[in-house]
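The values are calculated or read from the model by the stated rules, or taken from the named source; none is laboratory data. Not measured: the values here are computed from a predicted model. Reconstructed Cβ throughout: ideal geometry from the backbone, glycine too, with neighbour counts over all protein chains shown. SASA here: full protein model, heavy atoms, side chains in, ligands and nucleic acids out. Shrake-Rupley method; radii C 1.70, N 1.55, O 1.52, S 1.80 Å.
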Amino acid sequence: MVVVGDNSVSVEQPEGEPRQANINGAWFPPFFKIENVSSAKSLEVFLDDVIIATFPKCGTTWVQHIVCQLMIDTYVLAPGKELFTYTPLIEFVGGDVVNKLPRPRILKSHLNIWNIPRHDDAKCILVCRNPKDTLVSWFHHMRNIKGYNWEHGDFNVFFDMFCEGRIPWGGYFDYHKGWLPYFNHANVLVLKYEDLVKDLKAEIIKIGEFLGGKAVDIVSDPSRLQPIMDSASLESMKKDQKRWFPNVLRNPESFIRKAIPGDWRNYLSVVQSDRIDRMFEKNFQNTALDGWWKAEMEWK
């Protein structure tokens, strides 16, 4: 463990589990730096910033790609100009990198509501996905990232870690509970991953109208909207996946894997599915999330 003043970081890998960094008591990927996490939390957010906030594996890359096309005239993906260079994960790159970005900035973060830098009048897009598909996607993602040293990780081990919140960025349920008071905030747009799958055009229009300005003009013009729809289709997103992410994946072409709601039924047992259902009800009964994903989470 490294201790600097009140800050501490240790990289740990209990037997059978993935390698992770414990930074001031919170879990992060093992290659994250304490100074970058700290500076991200204290980042100054400007009125014209757009923050894309998600729990990991809930459609972040998808929405980043859409927002970049609506906001950045010079947005072209190429070697050296991958998606993360336009809209970085702030807790990975740190405040110094973010502060060099041209404004208006598009900032991505998985930090929870208590740690993410915010400006009440800056726009934030929160993307949510049902917990069972999120869990399965996270499992495959963690096995695919080299730094976790967990290429052959066991699903049942990860299932327990997910339910206990012992994974990078913490627990799914705590993350979403924290955001509940902001679901009706004028400057927060809440999207469902499953709605993007079901009606991509409607969701792109919703995003454009929320962003305002030239984004409204783009989604109002069928000739400008169609190329974005084509580029953001799941078929297109699965092509040439090295354009999304830095070279930390064992297999970059499986970063976006299936993106099919309900794939969790190929992995979870009935007992595991019931456990997630109970946790969901306990955390979200009589809240804005009550009743979400009823069909998507039903055991069939």
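Greater than 31 Å separation of Cα atoms is the criterion. Which listed pairs, Lys123/Lys242; Lys41/Lys300; Lys214/Lys294; Lys242/Lys300; Lys100/Lys177; Lys100/Lys282, meet it? Working shown, then result.
On the way: Lys123/Lys242 28 Å; Lys41/Lys300 42 Å; Lys214/Lys294 36 Å; Lys242/Lys300 35 Å; Lys100/Lys177 33 Å; Lys100/Lys282 43 Å.
Violating the 31 Å limit, Cα to Cα: Lys41/Lys300; Lys214/Lys294; Lys242/Lys300; Lys100/Lys177; Lys100/Lys282.
Pulled fully out, how much extra length does the chain show between Trp292 and Lys100, if you take 0.36 nm times their separation in residues and subtract their Cα-Cα distance? Show your work: numbers first, answer last.
Values: separation 192, 0.36 × 192 = 69.12 nm, distance 3.91 nm.
Working it through step by step, the gained length comes to 65.2 nm.
Short version: ³J(HN,Hα) in whole Hz for each residue of region 52-58, in order, from phi by Karplus 6.51 cos²θ - 1.76 cosθ + 1.60 (θ = phi - 60°), x for Gly and Pro, what are they?
Taking θ as phi minus 60°, the curve returns 9, 10, 8, 6, x, 6, 10 Hz for region 52-58.
Taking a label point 7 Å from the Cα of Ser233 along the Cα→Cβ vector, which residues of region 64-98 have an amide N closer than 18 Å to it?
Only 65-66 pass the distance filter.
Sorted from largest down, give the three principal axis spans of the alpha carbons of region 82-158, whole angstrom values.
Between the extreme Cα coordinates on each principal axis of region 82-158 lie 42, 25, 22 Å.
In Å², what does the accessible area per residue of the chain work out to with a 1.4 Å probe? Mind showing how you got there, number by number?
Details: 13700 Å² over 300 residues.
Per residue, the chain has 46 Å² of solvent-accessible surface.
Take region 159-199, compute every pairwise Cα distance, and split them into 5 Å bins from 0; I just need the percent in each bin.
Percent of Cα pairs in each bin: 5, 19, 17, 18, 23, 13, 4, 0.
Pop out the carbon and sulfur fraction of the accessible area of region 9-284 as a percent, whole number, probe 1.4 Å. Mind dumping the intermediate values first?
On the way: 5890 of 11790 Å².
Carbon-and-sulfur percentage of accessible area, whole number: 50.
What is the list of residues in region 117-154 whose amide nitrogen lies under 11 Å from a point 7 angstrom out from the Cα of Asp195, following Cα to Cβ?
In region 117-154, the label zone of Asp195 (backbone N under 11 Å from the point 7 Å along Cα→Cβ) covers 126-128.
Only Cα pairs under 8 Å and at least 6 apart count here; give the relative contact order of the chain as a rounded whole percent.
Relative contact order of the chain: 21 percent.
Which one, Phe139, Leu70, His110, is farthest towards the positive end of the dipole of region 65-143 when Lys and Arg carry +1 and Asp and Glu -1 on their Cβ?
Phe139
Calculate I(q)/I(0) for region 9-284 by the Debye formula, one identical point scatterer on each C-alpha and no solvent, and give its log10 at q = 0.15, 0.17 Å⁻¹ to two decimals.
-1.23, -1.62
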